[in-house]
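The values are calculated or read from the model by the stated rules, or taken from the named source; none is laboratory data. All values reported here derive from a predicted model rather than from experimental measurement. For neighbour counting, all protein chains shown are included, and Cβ atoms are generated from backbone atoms with ideal geometry for every residue, glycine included. What goes into the accessible areas is simple: the full protein's heavy atoms, side chains included, and nothing from ligands, DNA or RNA. Shrake-Rupley method; radii C 1.70, N 1.55, O 1.52, S 1.80 Å.
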Amino acid sequence: MYCIGFVSQEIEVYNTLPAADFCANVQSYKNNLGNADFVVFFSPSGVEHFFSYIQMIFEKTSKIIAIGPSTSEKLLQCQAADHYVLESPNADSLIKCLHDNISAVNKHQQ
């Protein structure tokens, strides 16, 4: 393939696929622990697999968190408009988001 005078070749480095036991593991979680309070997505492909395979396992009461803007965009494409987006894609930002939203839920329930 030629591009602006340079020869280029597309090489697929990896292909993100769900683990073979993904659905069974999620169903086991749901059976043992109930509905998740939060579901955190770290990539657009994670969103895609979730909504393709197991969305029906979780109730709409689970809060959804996106690690960043591209993951958030994929959530919007999957009709999951009500979600949080981390300020930064790191553990501290995730912990802050969880803390802030757990605090809000607890205040609302009181």
Handout entry: Per-region count, region 43-71, residues assigned to a loop (DSSP other than H, G, I, E, B) and at pLDDT 90 or above
Key = 3
Handout entry: Pairs where the first residue, in region 72-90, is in a loop (DSSP other than H, G, I, E, B) and charged (D, E, K, R) and the second is open to solvent by less than 70 Å² (accessible area, probe 1.4 Å) and modelled with pLDDT of 90 or more, C-beta under 9 Å, 6+ apart
Key = Asp82/Ile64; Glu87/Ser93; Glu87/Cys97
Handout entry: Contacts under 9 angstrom Cβ, first residue in region 15-37 being within 13 Å of His49 (Cα to Cα), partner open to solvent by 60 Å² or more (accessible area, probe 1.4 Å) and of a type in the set (Ser, Thr, Tyr), 6 or more apart
Key = Pro18/Ser52; Pro18/Tyr53; Phe22/Tyr53; Cys23/Tyr53; Val26/Tyr53
Practice task
Identify all residues within region 36-55 that are closer than 10 Å to Cys78 by Cβ, open to solvent by 40 Å² or more (accessible area, probe 1.4 Å) and in contact with a helix residue (DSSP H, G or I) (Cβ under 7 Å, 6 or more places away or on another chain); write none if there are none.
Solution key: Pro44, Glu48
